[in-house]
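Enquirer: One structure coming up, written as structure tokens, with questions to follow.
FYI, it's all coordinate maths here, none of it is from the lab. Every value quoted in this text rests on a predicted model; they were computed, and no experiment measured them. Here the Cβ positions follow ideal geometry from the backbone for every residue, glycine too, while neighbour counts run over all protein chains shown.
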């Protein structure tokens, strides 16, 4: 279904919706920035990591933020886009129990973890305790080229974006072009779900 909406209508329609983002690395930070630019005003973000220099090739941080907690640096950056946003930041290592507690009131949840076991954890938490919350997952974000192999796969209300095969390693790093494309595809799906509610 194609929606023909002006931006003021979009902002009004989604202004009270809450989006959760689990992980504030390349996918999470870029997805959050696109959502705020698109009118999302309520975000819950969670991560335990620090900004490092090697994050700057793909993540929405700046050189002067190296060493800062990602959740607080991201909140600062997002508020520079829209100072009226309500951003709740959790500096925490996420697990099955606290995923459910932290994100229990969101309208849509975005998974943005690096580790496959964490992807499995959030999918299980969603299925068991957050069955009505759509979950948007990234899988296969490493490398360059072959952008046309990025796809969306969905089942029930879980939506997976990526090529599904590109694992990160020393010879196949995550870089800004592919990471940003997938993060923006996730952000686009968030908006689609919220506007079609």
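Enquirer: Write down the percent of antiparallel bridges among all DSSP beta bridges whose residues are both part of the stretch 1-117, to the nearest 5.
Expert: Just about 5 percent of them are antiparallel.
Enquirer: Let me ask another. Where does the chain land at 222 nm, in deg cm²/dmol rounded to the nearest 500, when only DSSP H runs of n ≥ 4 count, each adding -39500 (n - 2.57), divided by all residues?
Expert: Helix-only estimate at 222 nm: -11500 deg cm²/dmol.
Enquirer: Another question about this same structure. Kindly rank 7-15, 37-45, 120-128 from highest to lowest mean number of other beta carbons found within 10 Å of each residue.
Expert: 37-45, 120-128, 7-15
Enquirer: Between the stretch 11-30 and the stretch 58-98, what's the alpha-carbon centroid distance in Å?
Expert: Between the Cα centres of the stretch 11-30 and the stretch 58-98 lies a distance of 11 Å.
Enquirer: Sticking with this structure for a sec: How high is the relative contact order of the chain, in percent, with contacts defined as C-alpha pairs under 8 Å that are six or more residues apart?
Expert: Once divided by the residue count of the chain, the mean separation gives 23 percent.
Enquirer: Moving on. Once fully extended, how much extra length lies between residue 98 and residue 16, figured as 0.36 nm per residue of separation less the alpha-carbon to alpha-carbon distance?
Expert: So the chain would gain 27.2 nm between residue 98 and residue 16.
Enquirer: Determine, for 163, 49, the number of other Cβ atoms within 10 Å of each Cβ, and report the residues in order from fewest to most.
Expert: 49, 163
Enquirer: Between residue 127 and residue 170, what length in nm is gained on full extension when 0.36 nm per residue of separation is reduced by their alpha carbon distance?
Expert: Length gained between residue 127 and residue 170: 12.2 nm.
Enquirer: Additional query: Among DSSP bridges having both ends in the stretch 15-195, what percentage is antiparallel? Round to the nearest 5.
Expert: About 25 percent, rounded to the nearest 5.
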